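Engineer: This is the structure I have questions about; it appears just below.
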Amino acid sequence: MLKWALIFLVISLISGFLGFSGISAATAGIAKILFFIALVIFLVFLVLALMAGSAIM
């Protein structure tokens with residue numbers, strides 16, 4: 001998911017450089033959403049791993 005966020009970020013930067021501000025804003029928004037979804041999934045897995053680790057001991 002982070003890979004897709006980085007792809008949309010690069011597309012946003014390139015389109016912003018070329019002057020396509022509408023496309024740039026849209027792809028930047030998509031990149032932000034994907035980044036935050038990936039962050040939430042990471043935190044969920046981190047909490048699950050900590051809970052599983054403490055259950056083993």
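The values are calculated or read from the model by the stated rules, or taken from the named source; none is laboratory data. Keep in mind that this is a model prediction, so the values were computed, not measured. For the accessible areas, the whole protein counts, side chains as well, though only heavy atoms, and no ligand, DNA or RNA atoms are used. Shrake-Rupley method; radii C 1.70, N 1.55, O 1.52, S 1.80 Å.
Engineer: What list of ³J(HN,Hα) couplings, whole Hz, do you get for region 41-47 from phi and the Karplus terms 6.51, -1.76, 1.60, once you set θ to phi - 60° and write x for glycine and proline?
Structural biologist: Each residue's phi maps through the Karplus curve to give 4, 4, 5, 4, 5, 5, 5 Hz.
Engineer: Hey, can you find the accessible area per residue of the chain for me, probe 1.4 Å, expressed in square angstrom? Could the numbers behind the result be given before it?
Structural biologist: Details: 4580 Å² over 57 residues.
Dividing the accessible area of the chain by its residue count gives 80 Å².
Engineer: How much space per residue, in cubic angstrom, does the convex hull of the C-alpha atoms of the chain take up?
Structural biologist: 49
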